[in-house]
Amino acid sequence: MEAPLALLIGLLTGVATWLMLSRNLIRLLLGFAVLGNAVNLLIFTAGRLTRDVPPIVPAGAQAIEGAFANPLPQALVLTAIVIGFGLLAFALVLAWQAYVRLGTIRTDEMREAEPPEEAKP
Amino acid sequence: MLIAVLAPFAAAGFAPLLVRLLGDRAGLVLAIVPAATFVWLLSRLPEATPGVLEATPWVPGLDVALDFSLDGLSLIFALLISGIGTLIVLYAGGYLKGHPMLGRFFLFLMMFMGAMQGVVLSDNVITLFVFWELTSLASYLLVGFESDRPAARRAALQALLITGSGGLALLAGLVMLAEAGGSWRISDLTGAGAWIQDDPLYRPILILVVLGCFTKSAQWPFHSWLPGAMQAPTPVSAYLHSATMVKAGVYLLARLDPALGGSPEWLWILTGIGGLTMLMGVVFALLETDLKLVLAWTTVSALGTLVFLLGPTHEPGVKAAMAFLLVHALYKGALFMAAGNVDHEAGTRDLTRLGGLMRTMPVTFAAAAVACVSMAGLPFGLGWVAKELIGAAKIALEDEFGITVIAATLTNLMLFCVAAIVATVPFTGRTSEAAAHAHEAPWPMLAGPVMLAALGLVFGMAPNLIAEPLIAAATTAVIGRKATLEIVLFKAFDWKFLLTLATFVAGAALFLLWRRSAAGWRASLNPVLDRGPDRGYDQVMRGLAALAAWQTRIWQPGLLHRYMAASFAVVTLAGAASLTRGEMRLNLDFDGGRLIEWAVFAVTAASALVAALATTRLLAVTALGMLGLGVAMIFMLFGAPDLAITQFMVETLVVVILALVLIRLPGFRLSAGGARPRWLYAGISAGTGALVTLLLLGVLAEPFDPRLSEWFGRAAVPEAFGHNIVNVILVDFRALDTLGEIIVVFAAALAALAAIGIGARTRA
Amino acid sequence: MSSLILRAATRVLAPMMLMLSLFLLWRGHNLPGGGFIGGLVATSAIALQGIAFGPEAARRTLVLPPAVIAGIGLAAALVATLPAGLAALPFFTGLWLKLDLGDGATLPLSTPLLFDIGVFLVVIGGVCAILLALEEDPETDPTEQP
């Protein structure tokens, strides 16, 4: 089932890119969240899929018999989910504070660092 | 030799302190450094043939060493640098007497001296280049010394940009040369003969090296910076821009002649451009009224002559070049310093306002007159000797290059005329208003011109004092076999002698003509001939500024979505380009899915599409939540309960935080409004998504290496006493990673608190 | 927010979720769970309480300021590396101490467990810090906005 999932991940990436190219800060951050999901799935899928057998050794056993889901990408993705969440929370706070200070949530109006008149030679 | 190169740098460091302690007399002390170098070099005269090497490792890992070599060619240049340097330091002490920045001036001047010694003594390609660039930098600082004048700043920048771009070309050329030759030592490269000319890279190397040398030595069309550099104080013009730095290009051409020279390309480029520069310089000199600019244009002409003489790569040419190098340095140094005296004492150097200075400045006049004898090539001046040698060189070429003989003769003729102008116009005739209050310069400012002019006269009468030890030795170094030279002052009364006489007569006639109608020539010719390359430089600079502004507007519009679009597009295109290389297999196995899996995929995909197209926040946030739950389901279906729980909890909290933030932000609708290239952005998005899918399908088609995962599976219980392998990896096997990750969470929380705190304070 | 149902439900749910989070943390080494998941569950409980009873109530539940909790967690995670260092073993080597409780049952205490507790506390502290700051911004009361 890796190939269909690859299509889904491509779709999520495309949606994330589309949202991040918006001038609206909220859409941009939504895109950020979608991209996080896409990347997590990408790492997960690249480690191959195994149905129904979590990487948990049965009680009393020393190792799992037979095939089991790849634990390494799971460990990577688990922390990535939490960090992505922390980052998103921070970015949301930043967006809110940017609105408080600049009075806009449109990125093309946030031009304190590069004011438009300086674009002229 | 290392000391000879480093001593001026050390002196440069102490120069400001010395000036503070000793005032204007600091020049007397600083002059000891080049004087000592000069004496030391003289003592090494017998060793200069065949040459000596000294090596000090510098950056051994990169084959960069402070290798120095002393042979005839280095020696003649080093003697000029230290000898004239001594006189210039003395002279500058008088010329800039009481100048508040005198310490800084000496700092730059001594730094230049060290760098220039480094250029002519280096035997390592990289070391040579470093010193070469240092001379350009010193020149920039010295031309722009009077930095409060815009003209000086412009001239300094122009000099730096032209020689600096040439320097880049030179670096490329030298590196290619060293790579092709397999050594970074110049003596290895030149000692092996003309092997490089069979290399396919010969032409690129030649062009790059020649570009470096031509920009440095002010050959057409890069000459425009040299007259501009006359904005510098006169000692600088005399030292850098006539006697030494501008000759660095000539030095390098002569130095690399054994490797690069002798080919038709070399002959045509050097003879052609050199000849053109030679003729052009002297014509412009006749049209100038500023004494320093007259001298500057004759310097351009002289540099052209030197390059011209190096073109044919034969012994008479090299001999003539070396002799002329010496002659020119002596008389031009003297004349520049004399012109500086005139400027300093009379307050102007405009030829139309000067006259009669002979009476008030007799010593300066005498020095200038003697130097002009040499410049004009009259008998008893050293110029006569050089002219004889040049004549011999031309005759050796005569069969192929009739036109160059004509060009050189014309140049001689006009040079005679310029010499006459410089020697007579400021000094003779009616005493002009400017000259009335002038008086003779102090002795440090007379020592230089008198000494150089006198040397010219002495060597002119006894040329064999220098013929063998200097000129022949330098020629030996260039042509790679023993050269001898015996100069006979008057050979025979033949047609060559008649031609020389005819040149003198024609030059004198031209001078008389010039006196009558120079103003008319200037009025009619200057607008036509003047400063093509100089204007070209201005246009290039304006173009560069416009280009910079234009591309800044394109690339840095200050619009975030443009930056993002550019980033995504570049990444996608680069990724796509890498996919086209080599054959790529894709995993296209779409079979075997269970119904629940397809359903979850479909719901997730639909949520994503809704999130992309939603126009209200509520819908978008709901869609995002659905998407997250879909992802959690996927984790659940494929054996990752830990991920599923984490994803589920995070998704809940994301919705809570989103709600808390969104409620504070204005506007319910998400439409951004305003024009943006929707279809382009949709294309970029689709491309990025497609690229990720393709990459992943490609990765999935490759065999999987399960060793690490299997090891974790085997080791978890026996070694870490944990049954949940994911957790064991997180808190035991890869705990350091996890530590980093919780630090990130911690930092994000602190940063968010800080942002809120700052916001609260700004509002308060 | 003054929904009676929400408040009533929260009174029951929040303590249960906190208990559950500790349980998930404890069993995480052998079954699904662990510091991250436990931390997130506990955070959800606090968030629920904040929504139902206001941020003050949530802070009372936490006892300590959230940033301090996160700091303690980070310190705990770092302390977990010390025993290995004292025993001159490679950094982060897990060390186990199995206490015998009688009846054949053991209480396994270990540095990985301490580390996981650190993770748990950092997640609770960090996320709650942001959440509570958003809930109780002094200038803008979310309930007044449209």
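The values are calculated or read from the model by the stated rules, or taken from the named source; none is laboratory data. All figures in this text were calculated on a predicted structure; none of them were measured in a lab. Here Cβ is always computed from backbone atoms with ideal geometry, including for glycine, and neighbour counts include all displayed protein chains. Surface areas here come from the heavy atoms of the whole protein model, side chains and all, with no ligands, DNA or RNA. Shrake-Rupley method; radii C 1.70, N 1.55, O 1.52, S 1.80 Å.
Does the range B:731-742 hold any residues that are within 25 Å of A:ALA91 (Cβ to Cβ) and facing chain C (nearest Cβ under 7 Å), and which are they?
B:THR738, B:LEU739, B:ILE742
If I filter the range B:607-621 down to residues being within 10 Å of another protein chain (Cβ to nearest Cβ) and free of Cβ contacts under 8 Å to residues at least 24 places away in the same chain, which single residue comes out as most open to solvent (accessible area, probe 1.4 Å)?
B:LEU613
Would you mind telling me which numbered condition in (1) open to solvent by 50 Å² or more (accessible area, probe 1.4 Å); (2) at pLDDT below 85; (3) facing chain A (nearest Cβ under 7 Å); (4) not in a loop (DSSP other than H, G, I, E, B) B:GLN551 fails?
(3)
Limited to the range B:8-24, what total is found for residues that are in contact with a helix residue (DSSP H, G or I) (Cβ under 7 Å, 6 or more places away or on another chain) and surrounded by fewer than 22 Cβ atoms within 10 Å (Cβ to Cβ)?
6
Across the range B:563-588, what is the total count of residues that are part of a helix (DSSP H, G or I) and away from every other protein chain (no Cβ under 11 Å)?
8
Take the conditions buried (at least 23 other Cβ atoms within 10 Å of the Cβ) and under 10 Å from the mean Cα position of the chain (by Cα) and apply them to A:VAL34. Does it pass?
Taking the combined requirement at face value, the residue satisfies it.
Can you tell me which of (1) over 29 Å from B:GLY281 (Cβ atoms); (2) open to solvent by less than 10 Å² (accessible area, probe 1.4 Å) is the one B:ALA152 doesn't meet?
With respect to (1) over 29 Å from B:GLY281 (Cβ atoms); (2) open to solvent by less than 10 Å² (accessible area, probe 1.4 Å), B:ALA152 is out only on (1).
Given the options B:LEU287, B:LEU303, B:LEU295, name the one that is farther than 27 Å from B:PHE380 by Cβ and in contact (Cβ under 8 Å) with a residue 12 or more places away in the chain.
B:LEU287
Filtering the range A:61-74 down to residues that are touching a Leu at 6+ places or on another chain (Cβ under 8 Å) and hydrophobic (A, V, I, L, M, F, W, C), which residue is most open to solvent (accessible area, probe 1.4 Å)?
Result: A:LEU72.
Mind listing whichever residues of the range B:1-55 are under 26 Å from B:MET445 (Cα atoms) and acidic (Asp, Glu)?
B:ASP24, the sole residue that qualifies.
Assuming B:LEU174 fulfils every condition listed in (1) more than 13 Å from B:LEU252 (Cβ to Cβ); (2) at pLDDT 90 or above apart from one, which condition is it?
Failing condition for B:LEU174: (1).
Please name all residue pairs, on different chains or six or more residues apart, with Cβ atoms under 8 Å, provided the first residue is in the range B:676-696 and is farther than 14 Å from B:LEU573 by Cβ and the second residue is open to solvent by 60 Å² or more (accessible area, probe 1.4 Å) and part of a helix (DSSP H, G or I).
Close Cβ pairs satisfying both conditions: B:THR693/A:LEU7.
Matching residues to (1) in the same structural domain as B:ALA614 (by TED's automatic domain parsing); (2) charged (D, E, K, R); (3) at pLDDT 90 or above:
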residue: B:GLY673; (1), (2), (3): yes, no, no
residue: B:PHE721; (1), (2), (3): no, no, no
residue: B:VAL731; (1), (2), (3): no, no, no
residue: B:LEU736; (1), (2), (3): no, no, no
residue: B:GLU741; (1), (2), (3): no, yes, no
residue: B:ALA760; (1), (2), (3): no, no, no
residue: B:ALA764; (1), (2), (3): no, no, no
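Residue-wise test of (1) at pLDDT below 90; (2) buried (at least 24 other Cβ atoms within 10 Å of the Cβ); (3) aromatic (Phe, Trp, Tyr); (4) under 28 Å from B:THR190 (Cα atoms).
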position: B:GLY93; (1), (2), (3), (4): yes, yes, no, no
position: B:LYS97; (1), (2), (3), (4): yes, no, no, no
position: B:PRO100; (1), (2), (3), (4): yes, no, no, no
position: B:GLY103; (1), (2), (3), (4): yes, no, no, no
position: B:PHE106; (1), (2), (3), (4): no, yes, yes, no
position: B:MET113; (1), (2), (3), (4): no, yes, no, yes
position: B:VAL120; (1), (2), (3), (4): no, yes, no, yes
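Quick one: which helices (runs of 4 or more DSSP H) sit completely within the range B:411-503 and have at least 2 residues that are out of contact with any Leu (no Cβ under 6 Å at 6 or more places or on another chain) and closer than 30 Å to B:SER74 by Cα?
B:443-461, B:473-479
Has the range B:302-314 got at least one residue that is part of a loop (DSSP other than H, G, I, E, B), touching a Ser or Thr at 6+ places or on another chain (Cβ under 9 Å), closer than 17 Å to B:LEU256 by Cβ and open to solvent by less than 10 Å² (accessible area, probe 1.4 Å)?
Looking for residues that are part of a loop (DSSP other than H, G, I, E, B), touching a Ser or Thr at 6+ places or on another chain (Cβ under 9 Å), closer than 17 Å to B:LEU256 by Cβ and open to solvent by less than 10 Å² (accessible area, probe 1.4 Å), one finds at least one in the range B:302-314, hence yes.
Across the range A:37-60, what is the total count of residues that are more than 7 Å from chain B (Cβ to nearest Cβ), assigned to a loop (DSSP other than H, G, I, E, B) and open to solvent by less than 30 Å² (accessible area, probe 1.4 Å)?
Counting residues in the range A:37-60 that are more than 7 Å from chain B (Cβ to nearest Cβ), assigned to a loop (DSSP other than H, G, I, E, B) and open to solvent by less than 30 Å² (accessible area, probe 1.4 Å) gives 1.
Being open to solvent by 30 Å² or more (accessible area, probe 1.4 Å) and either more than 7 Å from chain B (Cβ to nearest Cβ) or touching a residue at least 40 places away in the same chain (Cβ under 8 Å) (or both) is the filter here, so list the residues in the range A:75-86 that pass it.
Within the range A:75-86, A:LEU76, A:ALA80, A:GLY84 qualify.
Counting only residues that are at pLDDT below 70 and out of contact with any Ser or Thr (no Cβ under 7 Å at 6 or more places or on another chain), how many does the range C:94-138 have?
Of the residues in the range C:94-138, 10 are at pLDDT below 70 and out of contact with any Ser or Thr (no Cβ under 7 Å at 6 or more places or on another chain).
Would you mind finding the one in C:PRO32, C:PRO66 that is touching a Cys at 6+ places or on another chain (Cβ under 8 Å) and within 11 Å of chain B (Cβ to nearest Cβ)?
Testing whether each residue is touching a Cys at 6+ places or on another chain (Cβ under 8 Å) and within 11 Å of chain B (Cβ to nearest Cβ) leaves just C:PRO66.
Please specify each residue of the range A:61-74 satisfying the condition of being facing another protein chain (nearest Cβ under 8 Å) and in a helix (DSSP H, G or I).
Matches in the range A:61-74: A:PRO71, A:LEU72, A:GLN74.
Which fully enclosed helices (runs of 4 or more DSSP H) of the range C:34-87 have 2 or more residues being surrounded by fewer than 17 Cβ atoms within 10 Å (Cβ to Cβ) and at pLDDT 85 or above?
Fully inside the range C:34-87 and qualifying: C:55-62, C:66-79.
Can you give me the number of residues within the range C:15-64 that are farther than 24 Å from A:GLY84 by Cα and β-branched (Val, Ile, Thr)?
Residues meeting the conditions: 2.
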